[in-house]
Amino acid sequence: MPRSIKISPSILSCDFSKIGTEVEALEKAGADYIHVDVMDGHFVPNLTIGPDVIKNIRPFSKKIFDVHLMISPVDKYIQQFAEAGADIITFHPEATDNTAKTIELIKKFKKKVGISLKPKSKIDIIKDYLDQIDLVLIMSVEPGFGGQKFMPEVLPKLKELKNIIEKKNLNVDLEIDGGINFENSKIAKEAGANILVSGSTIFKKNNGDLKKNINLLRQN
Ligand code: DX5
Ligand code: ZN
């Protein structure tokens with residue numbers, strides 16, 4: 001049974017002076033998830049928000065908070081993000097010295113586990129964990145900034161993961177993140193993604209008509 005397509009708008013592109021009301025507007029506009037990009041200025045050359053901001057925006061939406069941790073080291077912050085209200089906690093394998101331990105830590109707080117692969121990272125580094133996680137986040141830009149150009153060279157990785165998941169009958173969502181727009185959303189879905197992350201397209205296209213942009217990404 002093909003998985004329904006979900007749209008997870010990234011708040012990295014929202015108005016940071018009113019994140020709570022922006023999250024509320026995304027829910028009203030039909031977002032399935034809220035993608036929260038956490039950056040520490042160390043794992044990636046940019047700084048965004050921490051667990052306290054997530055705690056403060058939590059009451060603004062009941063939607064799943066799809067938290068993308070671009071931070072290292074990551075283990076020591078998992079509890080704070082879990083308690084702040086994250087529902088899915090996605091980490092980068094390069095940000096931990098023990099991927100299995102980080103997976104267990106996220107599960108200890110009863111959260112869904114995601115692993116993210118940077119454009120140049122190989123599937124091999126996560127193959128052994130696919131039966132223990134809920135989501136793989138394929139980066140189609142170098143992590144760190146919104147508004148970058150989509151990197152189609154990651155699509156074969158998406159296809160290969162899709163085949164593995166189907167062959168082993170695993171219950172793993174495939175999320176693509178970075179440069180997703182109305183032109184490439186179709187090929188991303190055809191390659192196997194069932195969750196599309198988008199920041200600049202959703203917040204900036206069609207005069208920022210969130211509902212229209214979310215629907216266009218879902219339908220295209
Ligand atoms: C980049 C983030 C992405 C980014 C997506 O490091 O992980 O989620 O915000 O933004 P757009 O859709 O503008 O590329
Ligand atoms: Zn992200």
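Only the coordinates and a few stated rules stand behind these numbers; no lab work does. All values reported here derive from a predicted model rather than from experimental measurement. Here the Cβ positions follow ideal geometry from the backbone for every residue, glycine too, while neighbour counts run over all protein chains shown.
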Practice problem: Extending each Cα 7 Å along its Cβ direction at residue 122 and residue 100, get the distance between those two points in nm, one decimal. | Solution: 2.0 nm
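Arranged from highest to lowest average of other beta-carbon atoms within 10 Å per residue, in what order do the peptides 199-205, 186-192, 17-23 appear? All intermediate terms of the calculation are to be shown ahead of the outcome.
Details: 199-205: 21.4, 186-192: 18.6, 17-23: 15.4.
My ranking of the peptides, most packed first, is 199-205, 186-192, 17-23.
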Quiz prompt | Diffusion coefficient, µm² s⁻¹, Stokes-Einstein with Kirkwood Rh over alpha-carbon pairs of the chain at 37 °C and 0.692 mPa s | solution = 192 µm²/s
Self-check item: 3J(HN,Hα) from dihedral phi, the range 98-109, Karplus parametrisation 6.51/-1.76/1.60, rounded to Hz, x for glycine, proline
Solution: 8, 4, 4, 5, 5, 4, 4, 4, 5, 5, 4, 9
Quiz item: Among 198, 8, 185, 61, which comes first, then next, by fewest other beta-carbon atoms within 10 Å?
Solution: 61, 185, 198, 8
Quiz item: Taking the Cβ-Cβ separation of residue 108 and residue 55 as r and a Förster radius of 25 Å, what is the calculated FRET efficiency to the nearest 0.05?
Solution: 0.85
Quiz prompt | Scattering curve values for the range 1-79, log₁₀ I(q)/I(0), Debye with Cα scatterers, q = 0.14 Å⁻¹ | solution = -0.48
Quiz item: Within straight cross-link reach of residue 127, meaning Cα distance under 18 Å, which lysines are found once same-chain residues fewer than 8 apart are removed?
Solution: 101, 112, 118, 157, 159, 162, 167, 168
Practice problem: From the C-alpha gyration tensor of the range 62-161, pull out the three semi-axes of the equivalent ellipsoid (sqrt of 5λ each), sorted largest to smallest, in whole Å. | Solution: 22, 16, 12
Quiz prompt | Positive-end residue, the range 140-217 charge dipole about Cα centroid, Cβ charges, pick of 147, 208, 193 | solution = 208
Exercise. Compute the separation of the alpha-carbon centres of the range 15-67 and the range 167-194 and state it in Å as a whole number.
Key: 21 Å
Practice problem: With θ set to phi - 60°, apply the Karplus curve 6.51 cos²θ - 1.76 cosθ + 1.60 along the range 134-148 and write out the HN-Hα couplings as whole Hz, x wherever there is a Gly or Pro. | Solution: 9, 7, 10, 9, 8, 7, 10, 9, 5, x, x, 9, x, x, 8
Practice problem: List, in order, the whole-Hz ³J(HN,Hα) value for each residue of the range 17-34 obtained from phi through the Karplus relation with A = 6.51, B = -1.76, C = 1.60 and θ = phi - 60°; use x for Gly and Pro. | Solution: 7, 8, 4, x, 6, 5, 5, 4, 5, 5, 4, 4, 7, x, 4, 8, 10, 10
Quiz item: So if we plug the beta-carbon distance of residue 167 and residue 4 into 1/(1 + (r/R0)^6) with R0 = 25 Å, what FRET efficiency do we get, rounded to 0.05?
Solution: 0.70
Quiz item: Can you put 124, 97, 40 in order, fewest other beta carbons within 10 Å first?
Solution: 124, 97, 40
